[in-house]
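What follows is a set of notes on a single structure, which appears directly below.
The values are calculated or read from the model by the stated rules, or taken from the named source; none is laboratory data. Quantities reported herein were computed from a predicted structural model and do not represent experimental measurements. Because the Cβ atoms are built from the backbone with ideal geometry, glycine has one as well, and the counts that use them run over all protein chains shown.
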């Protein structure tokens, strides 16, 4: 998975109600319907307000980069792929305790995780119909398409 896609999925895992602002692509069947169901299932509360999704997303980058570096250092993701901005999980190197913790978290939000792991990555990464353009989380005007 491209790191930009993983970062975007991480943002929406933390703030699922923000999926309401994602422009649904027509070429991904059921995207809008599933997105709308998830937004209804994970509503925003009065404690979940912040000024700008893009600012929060940009501020998360340092934490996400540090996490990717730590995973690469522990050989849980392929380091050569990280430099190419691709995340490739090396399951054999993930400790069982961590794997079980991830599975436990996944059991609590299977619909959200499935959407973020399967549907969201189907959106092209670059251009005016790309991931950052559709989510409003990043600059896409300089993308080479």
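Observations on the model:
- When 121, 110 are checked against the criterion of being at pLDDT 90 or above, more than 18 Å from residue 7 (Cα to Cα) and under 17 Å from the mean Cα position of the chain (by Cα), 110 stands alone in meeting it.
- Selection count where residues are without any contact (Cβ under 8 Å) to a residue 40 or more places away in the chain and within 16 Å of residue 22 (Cβ to Cβ), scope region 86-123: 2
- Those residues of region 120-139 which are assigned to a helix (DSSP H, G or I) and crowded, with 18+ Cβ neighbours inside 10 Å, in sequence order: 120, 131, 132, 133, 134, 135
- If the condition is being at pLDDT 90 or above and exposed (fewer than 10 other Cβ atoms within 10 Å of the Cβ), then region 80-99 contributes 91, 92, 96, 97.
- Condition check for residue 51 on (1) crowded, with 17+ Cβ neighbours inside 10 Å; (2) in a loop (DSSP other than H, G, I, E, B): one failure, at (1).
- Qualifying residue in region 56-77 (condition: surrounded by 14 or more Cβ atoms within 10 Å (Cβ to Cβ), touching a residue at least 12 places away in the same chain (Cβ under 8 Å), outside any helix (DSSP H, G or I) and more than 14 Å from the chain's Cα centre (by Cα)): yes
- Flag for residue 38 being under 15 Å from residue 116 (Cβ atoms), in contact (Cβ under 8 Å) with a residue 60 or more places away in the chain and more than 14 Å from the chain's Cα centre (by Cα): yes
- Every listed requirement among (1) closer than 19 Å to residue 139 by Cβ; (2) surrounded by 15 or more Cβ atoms within 10 Å (Cβ to Cβ); (3) over 12 Å from the mean Cα position of the chain (by Cα) is met by residue 17 save one, (1).
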